[in-house]
Amino acid sequence: MGILEFMAARRPPAPPGGGPDGSNRGAPQSAAEDGRMRQRSAVPDPNRPGLTVTHLDRGVDGLVTERRETVKANVFRPYHNLPTMSLEEFAQQEMEDAMRREAASKAAEENPGPRRMDQLERDGDEDDAELAEQAAYKDRAWDDWKDDHPRGMGNKMGKRF
C-alpha cells in the first residue's frame, strides 16, 4: 500500500451537501472521477514540462534573443570571480615584470637623455655646445607643450568651466 492509498483511506468522507455553502462544485461525481483527480494531483504529467525561466534580450542589432541556457548555466555561480591563474603563475609573472622594470631603470641610469638648461647650469655643463643645444630643444618642446595645454585644462569630469 503506497502513501497515496494510505492517505485516501484515512480521508474523511465528503459532506452530503458538498462545500460549506451546500453546493456540489468541485466535488467528484463518482469514485472513478475521484481516483482520476487524486492521480492527477499526485503524479505530474510527463507531457507538460515544469516551470522554465526564459530571459528575452534585445541585442545591439535590435533582434530579441532567448537566454535560457545562459541563465541555467549561471544558477550556481559564486558571487565573486574565480581565479584565472595559480599562485605560481602569478609569482612568475610578477618576477618577470620586476626584472623588466629593473632592466629599464638601469638603462635609464646609463643613458639619461637630454637634460634641461637649468640642470646643465646646476651641474656646470652649460659650456658644452652639444649638451646646450639638446637642452634648448628639450626646453622648447616643453614650452610648446605648455602652450598647447594651459594650466587647468585637464580632466574636469564633464564640467567645461
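Summary table
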quantity	calculated
Where Gly158 falls short, out of the listed (1) part of a loop (DSSP other than H, G, I, E, B); (2) open to solvent by 90 Å² or more (accessible area, probe 1.4 Å)	(2)
Residue list for segment 72-111, restricted to those being open to solvent by 100 Å² or more (accessible area, probe 1.4 Å) and either modelled with pLDDT under 80 or in a loop (DSSP other than H, G, I, E, B) (or both)	Lys72, Phe76, Arg77, Tyr79, Asn81, Leu82, Pro83, Thr84, Asn111
Check on Asp127, at negative phi, open to solvent by 80 Å² or more (accessible area, probe 1.4 Å) and at pLDDT 85 or above	no
Residue that is farthest from Glu5 (Cα to Cα) [pool: residues in segment 54-63 that are open to solvent by 80 Å² or more (accessible area, probe 1.4 Å) and either of a type in the set (D, E, K, R) or at pLDDT below 70 (or both)]	Asp61
Filter result for Ala132 (among the small types (Gly, Ala, Ser) and touching a helix residue (DSSP H, G or I) at 6+ places or on another chain (Cβ under 7 Å))	yes
In segment 136-150, the residues that are surrounded by 11 or more Cβ atoms within 10 Å (Cβ to Cβ), of a type outside the set (Phe, Trp, Tyr) and within 14 Å of Asp118 (Cα to Cα)	Ala136, Lys138, Asp139
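The values are calculated or read from the model by the stated rules, or taken from the named source; none is laboratory data. Not measured: the values here are computed from a predicted model. Using ideal geometry, Cβ is built from the backbone for each residue, glycine included, and neighbour counts are taken over all protein chains shown. Only protein heavy atoms, including side chains, enter the accessible area calculation; ligands, DNA and RNA are left aside. Shrake-Rupley method; radii C 1.70, N 1.55, O 1.52, S 1.80 Å.
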